[in-house]
Amino acid sequence: EMLRSLVGSEMCIRDRADTMKKLGLCACYNHKNYGSQLQSYATTVELKKRNIDYEIIRYKKKITPLLLIKAIPRLFNLVFINDRIIETFQKKLMLKLHSQLAEQNAVRNDAFNKFSENRFKKLSPIYYGYDELKKQSEKYTAVMVGSDQLWSPSGITSNFYNLMFAGDSCTKISYATSFGVSQIEQRYHKIYKNFLDRLNYVSVRENSGKVIVDKLSINDAVVVCDPVILLDSDEWLEEIPNKNLFNEPYIFAYFLGKSQEYRDEVTKFAKEKNLKIVTELHMDSYNKADRGFGDYTPFDIGPAEFVNLIRNAKYIFTDSFHGSVFSMLYKKQFSIFNRYSNDSVSSKNSRIDSFCETYGLNDRRFSGNINDVENAIDYDCVLEKVKNHRMLSKAFLDNALSCFSNGD
């Protein structure tokens, strides 16, 4: 009787421990960017489908003298200076100089905030300071860093998205995380090796990311699909019901780069086809090339509306990674433009390179003839590659998240 009681209580403790298992997710869920919010959301959908108890970790740094000293090397980091300091300053300056743009930007930010509030309910308390983050991380069975350019050299010393805060007993996973660049400078190799070696399961979004991990770490990396590809077009329809925002055929032009030439090409094509252009202006900062571009320029466009603009467009022209991904998922006639010159210190063309290579879409790259957008796409072949990559990616997650399985 006593033995039965002890066994029963042990099983009860084990069951209780199982129910207490929780995953901490490090994701850029609140960033005012369509790709960031949609891939973060897709990650949470996948976790829910697996019945994994998770919460998005909210962390705020405490400004201390030590933190300021550690930040000094970033002032010599060209990627950080260009991506963070210069772009942030430019955006703030232009919003001050253009009051109408400030009002429009506020409307767009409100649309982002609504999506974030409605879709991201499972949030941790805010952990203030690194010591608190480390302490609170002890409650997680596993921590996972999501997609996006979270391993960019511009912010890699923060020790959040590299999961350095998590203890040795905590399973550390990266899912489709991106370096944002195709090469890491020699001076950062030790930093990258240190955190990459600590990870238990490593996956990246780009082929170039695998090369980096294989070079710098004892771990091997798997190239998995972006989180938004984990859901097929029908599953996205369940998450974001269809709503056509315009009652006439249109071109959706979504450019984040500053090329006047691209916009002129699309304008010419639209006139030839007698189609209106729908576009999103001044996304990252005030963009001179956006002045006068497009026929419809709505600002009340959140991530859900962004998906629907792609879903219902006749043609899509974009230099955006996630603009390209959703164009593919919805079997659109689309053309991809390079946002950066390949020799740019901030070039993020590698993710487009990897996307096109993986799914057989190299002919979607703009090569000078705008009419190539009408060339037939063998979507049976493309989506078969997508399906296989999705299966491989889910198999990676099966393995990485096995600590949450009942048999564990």
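The values are calculated or read from the model by the stated rules, or taken from the named source; none is laboratory data. Source: prediction; values computed, not measured. Ideal geometry is used to build each Cβ from the backbone, glycine not excepted, and the neighbour counts take in all protein chains shown. Quick note on the areas: whole protein, heavy atoms, side chains included, nothing else; ligands and nucleic acids left out. Shrake-Rupley method; radii C 1.70, N 1.55, O 1.52, S 1.80 Å.
Student exercise: in region 176-313, how many lysine pairs 8 or more apart or on different chains have Cα atoms under 27 Å apart? Going through region 176-313 pair by pair, I get 17. Within a Cβ distance under 14 Å of ASP197, other residues only, what is the Lys/Arg minus Asp/Glu net charge? So the surrounding residues net to +2. Along region 104-119 the Karplus relation, 6.51 cos²θ - 1.76 cosθ + 1.60 evaluated at θ = phi - 60°, assigns HN-Hα couplings of 5, 5, 5, 5, 5, 4, 5, 5, 5, 4, 5, 4, 4, 5, 7, 9 Hz to successive residues, with x for each Gly and Pro. Net charge in the neighbourhood of GLU305 (other residues with Cβ under 11 Å of its Cβ; Lys, Arg +1, Asp, Glu -1) is +2.
Within the P(r) computed for region 173-221, what percentage of the Cα pairs occupies the region above 18 Å? In whole percent, the long-distance tail amounts to 16.
Need the list of lysines near LYS32 for cross-linking: C-alpha distance under 16 angstrom, and skip anything on the same chain fewer than eight residues off. List returned: LYS91, LYS92, LYS114. The HN-Hα couplings worked out from phi for region 290-302 by the Karplus form 6.51 cos²θ - 1.76 cosθ + 1.60 (θ = phi - 60°) are 7, 4, x, 8, x, 9, 10, 10, x, 10, 8, 10, x Hz, whole numbers, x standing for Gly and Pro.
The Rg/Rh ratio of region 228-296, with both radii computed over alpha carbons and Rh defined as the Kirkwood radius, is 1.05. For region 130-254, the share of accessible area belonging to carbon and sulfur comes to 46 percent (1.4 Å probe, ligands and nucleic acids excluded). Tell me, how many Å apart are the Cα centres for region 201-241 and for region 19-54? One Cα centre to the other: 14 Å.
Protection proxy ranking for 358-369, 249-260, using the average of other Cβ atoms within 10 Å per residue and placing the highest first: 249-260, 358-369. The charge dipole of region 152-289, taken about the Cα centre with unit charges on the Cβ atoms of Lys, Arg (+1) and Asp, Glu (-1), comes to about 600 debye, rounded to the nearest 20. Coupling constants for region 130-146 follow from the phi torsions by the Karplus curve (6.51 cos²θ - 1.76 cosθ + 1.60, θ = phi - 60°), and in residue order they are 5, 4, 5, 4, 4, 5, 6, 5, 5, 7, 8, 5, 8, 10, 9, 9, x Hz; glycine and proline get x.
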